[in-house]
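Chemist: Below are the structure tokens for one structure; questions will follow.
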Amino acid sequence: MEREIDAEGEEGFTRIRMPRHDEIFGIVEQRMGFGKMSVRCQDEHVRLCRVKTKGRKKLWIAEGNVVLVKPWELKGDVKGDIVYKYSKAQVGWLRRKNILIIE
């Protein structure tokens, strides 16, 4: 759980999105343009990942961001989709709990 203070100053808790099924953590190494980027994943593969058109305007991803990657069924070792971007506070919580191992 992560503590969060909203606009009224009330403190609450939010849930952190964890990997489901075949999703894995990754760190964005390089932005390539047109919604594609190179991501180093927790399973030691470097994948060419894309942000789907549906979430492209909502997700602003920069180099060094921690993201959640869903590998493709075909060519899963080289390609994938970016599903979620973690905030700095969420990354800190994941590292403190030893869930996020990649540097």
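The values are calculated or read from the model by the stated rules, or taken from the named source; none is laboratory data. Bear in mind that the values here come from a model prediction, so they are computed numbers and not experimental data. Because the Cβ atoms are built from the backbone with ideal geometry, glycine has one as well, and the counts that use them run over all protein chains shown.
Chemist: Considering (1) more than 19 Å from Ile99 (Cα to Cα); (2) buried (at least 16 other Cβ atoms within 10 Å of the Cβ); (3) modelled with pLDDT of 85 or more, say which one Leu48 fails and leave the rest.
Modeler: Failed condition: (2).
Chemist: Looking at the structure I just gave you, is Lys79 surrounded by 13 or more Cβ atoms within 10 Å (Cβ to Cβ) and more than 11 Å from Phe25 (Cα to Cα)?
Modeler: Working: surrounded by 13 or more Cβ atoms within 10 Å (Cβ to Cβ): yes; more than 11 Å from Phe25 (Cα to Cα): yes.
Judged against the criteria, Lys79 is a match.
Chemist: Can you work out which of the residues in the range 7-37 that are modelled with pLDDT under 90 and in contact with a Lys or Arg (Cβ under 7 Å, 6 or more places away or on another chain) is nearest to Lys79 (Cα to Cα)?
Modeler: It comes out as Gly35.
Chemist: A follow-up question, please. For residues in the range 82-103 being of a type in the set (A, V, I, L, M, F, W, C) and surrounded by 15 or more Cβ atoms within 10 Å (Cβ to Cβ), which is farthest from Ile27 (Cα to Cα)?
Modeler: Just the residues of the range 82-103 that are of a type in the set (A, V, I, L, M, F, W, C), to begin with: 82-83, 89, 91, 93-94, 99-102.
Right, trim to surrounded by 15 or more Cβ atoms within 10 Å (Cβ to Cβ) and you get 82-83, 91, 93-94, 100.
Values: Ile82: 11, Val83: 13, Val91: 11, Trp93: 16, Leu94: 14, Leu100: 11 Å.
The residue in question is Trp93.
Chemist: Further question: Among the residues of the range 51-69, how many are modelled with pLDDT of 85 or more and small (Gly, Ala, Ser)?
Modeler: Number of matching residues: 2.
Chemist: Could you please give the count of residues in the range 31-79 that are on the phi < 0 side of the Ramachandran plot and either in contact (Cβ under 8 Å) with a residue 60 or more places away in the chain or not β-branched (Val, Ile, Thr) (or both)?
Modeler: Step one: of the range 31-79, the residues on the phi < 0 side of the Ramachandran plot are 31-32, 36-43, 45-63, 65-74, 76-79.
Subsequent filtering for residues that are either in contact (Cβ under 8 Å) with a residue 60 or more places away in the chain or not β-branched (Val, Ile, Thr) (or both) retains 31-32, 36-38, 40-43, 45, 47-50, 52, 54-60, 62-63, 65, 68, 70-74, 76-77, 79.
Here the count works out to 34.
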